[in-house]
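Single-structure report; data block below.
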Amino acid sequence: MIEVYAFSTPNSVKVPIALEELGLDYTLHPVNIRQGGQKDPAFVALNANAKVPVLVDGDLTLSESAAILVYLAEKTGKLLPAAGVLRARVFEQLFVHASGLGPAFGNAGFFRKFAPEPIPLAIDRFGNEAQRIIGLFDQILGRQQFIAGDELSIADIAHYGWLWRRQFAEVSIDNAPNVQRYVAELEARPAFQRGIARTMALAEA
């Protein structure tokens, strides 16, 4: 049985969604980061970086959501093309997520919600970059159904985490009709609905 340690965060939600899409059995364990659960010695023993999510599959303990998505895709042979251009496009978007979308959305939310005092330069820098990425995605999604091509992939699941929590970052998709269509189609998928529901329940555990 796959064990997942997570909370109701943009990075955590990716793992249950992927597991649901892949039809793999798993158990979710809440790590309440609002109460400092990520610093508990038992959790730090799983991930010295003290961040969720963490996946345990037999002898493997793996952190970093994108790495977990790649592992699950390769374990099952699904949601990641085996070779060639299509595989490269999925990795391209995973790197966009890791270097662009995630930091921009996360920092925009942090400086808007948690900074002791407003720092306009930081808010503008990260907020504008997050909004720019939405515009980029809108262009890509005007040409194809999913972010890396015409088939659902782990890149879509990676991006969805922050699109799901975009209100935290105060990022709008109102002027991005292709992104609106994309988000609605993802959220209509039963596996996404199950993964989201299970992730949100972690905050109530």
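The values are calculated or read from the model by the stated rules, or taken from the named source; none is laboratory data. Computed from a prediction, not measured in an experiment: that's the story for all the values here. FYI the Cβ positions are ideal-geometry reconstructions off the backbone, even for glycines, and counts take in every protein chain you see.
What to note about this one:
- Near pairs, Cβ below 9 angstrom, 6+ apart or cross-chain, from the stretch 88-113 (assigned by TED's automatic domain parsing to the domain that holds Ala155 and charged (D, E, K, R)) to any residue that is outside any helix (DSSP H, G or I) and surrounded by 15 or more Cβ atoms within 10 Å (Cβ to Cβ): Arg89/Pro81; Arg89/Ile147; Arg89/Ala148; Arg89/Gly149; Arg89/Ser153; Glu92/Ala148; Arg112/Glu170; Lys113/Glu170
- Within the stretch 1-34, the set of residues being basic (Lys, Arg) and either surrounded by 19 or more Cβ atoms within 10 Å (Cβ to Cβ) or in the same structural domain as His97 (by TED's automatic domain parsing) (or both) comprises Lys14 only.
- Only listed residue being outside any loop (DSSP other than H, G, I, E, B) and over 26 Å from Glu92 (Cβ atoms), chosen from Ala50, Ala67, Ala42, Ala18: Ala42
- Count of the stretch 154-205 residues, restricted to those that are of a type in the set (A, V, I, L, M, F, W, C), more than 13 Å from Ile134 (Cα to Cα) and not in a helix (DSSP H, G or I), is 2.
- Selected residue [at pLDDT 95 or above and in contact with a Pro (Cβ under 8 Å, 6 or more places away or on another chain)] from Val70, Val90: Val90
- Residues (modelled with pLDDT of 95 or more and either closer than 17 Å to Pro10 by Cα or not in a loop (DSSP other than H, G, I, E, B) (or both)) located in the stretch 24-34: Tyr26, Thr27, Leu28, His29, Pro30, Val31, Asn32, Ile33
Matching residues to (1) over 18 Å from Glu151 (Cβ atoms); (2) in contact with a helix residue (DSSP H, G or I) (Cβ under 8 Å, 6 or more places away or on another chain); (3) of a type outside the set (Asp, Glu):
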| position | (1), (2), (3) |
| --- | --- |
| Leu24 | yes, yes, yes |
| Val31 | yes, yes, yes |
| Ala42 | yes, no, yes |
| Leu55 | yes, yes, yes |
| Thr61 | yes, no, yes |
| Ile68 | yes, yes, yes |
| Ala73 | no, yes, yes |
| Gly77 | no, no, yes |
| Pro120 | yes, no, yes |
